[in-house]
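> I'd like to ask you about the structure that follows.
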């Protein structure tokens, strides 16, 4: 409540906006509201420069960068970045709000709508279809964002450089490129991050920590999304989607649609304005454009790269740093991919079963990528 402002006893709202005629009980509420029309936000984030009309909104926004979750449940110790999210969560424990549990992965939700949306990740249901390319989506706002790739509409603009984007999440990510320096740095490989929780996830690459475990086969993962993706292999009734051209099998209908569009039947409607190379997906075009304008240069040999991660990997060839270590033989590697390939040596020596079987000739492979390549080279006519 605003000190010094009084609400009339008869319940009227005496303070009215001259622009939209909305009324308020307090003068300070009117003053804050007027900022919406004048475009004069007074509180700015020192990390990404996004502006806000209220200091409380700025403080709440900053937690996106810091990863801070100051509101904790006294019952289960789960933490939240916003108080209102904690309040909604507490209803699960008090019984005031029914708890809806997924019968496939046992994840719990506080509303029927939330669990219905979640179930689509298991069933593969995508009820929203693009009228142009027939690509399907499990949420309506995902379809709306996709449709802008056809119309060219980019309603979200960066308030610093005025670059436009088709989705709000893209402009929010883009704003971070204007930050002078990344705030969170890995002490092992010096890779930097804008968010604390991204650094924490990355650090598990070096520590080998795998806190997420499958309750079916007990296999552990360093990232929660990797566990979620893995659980699909235990679902006997989940449909699979096979490519009729190259026989590649995908577990998700959206991945199958992207595969077909990218490699086989997709119309190449996105053109590079520099070399005229054509692409079926806008994401592929954007990735290709980096070839023409590499942004990251090695200070030692001047070799240029399109990604900062590629430059970081390259720098290790000069420094000799090898941050990835095999937990079985302690051999060290400068690249995570090399370590992954190396681990197969131990698996074969220990007689581990190769999990990927060719259904045509029964040859087995340690990696799905090897099986896919084998089918294309040997069995596709």
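> Would you mind calculating the gained length between residue 17 and residue 278 on full extension (0.36 nm times residue separation, minus the Cα-Cα distance), in nm to one decimal? Don't skip to the answer; put the middle values down first.
Numbers: separation 261, 0.36 × 261 = 93.96 nm, distance 5.24 nm.
Value of the extension gain: 88.7 nm.
> Using r as the Cβ-Cβ distance of residue 90 and residue 162, and R0 as 45 Å, what FRET efficiency do you calculate, to the nearest 0.05?
Working: r = 43 Å, r/R0 = 0.96.
My answer for the efficiency is 0.55.
> Provide the gained length on full extension for the span residue 228 to residue 209, in nm with one decimal, where the gain is 0.36 nm per separating residue minus the Cα-Cα distance.
Working: separation 19, 0.36 × 19 = 6.84 nm, distance 1.71 nm.
Answer, rounded to one decimal: 5.1 nm.
> Calculate the length of the line joining the C-alpha centroid of the range 128-160 to that of the range 280-335, in whole Å.
31
Just so you know, all these numbers are worked out from the coordinates, no wet-lab data involved. Here the structure is a predicted model, which is why all the values come from computation and not from measurement. Every residue, glycine as well, gets a Cβ built from its backbone with ideal geometry; the counts of neighbours run over all protein chains shown.
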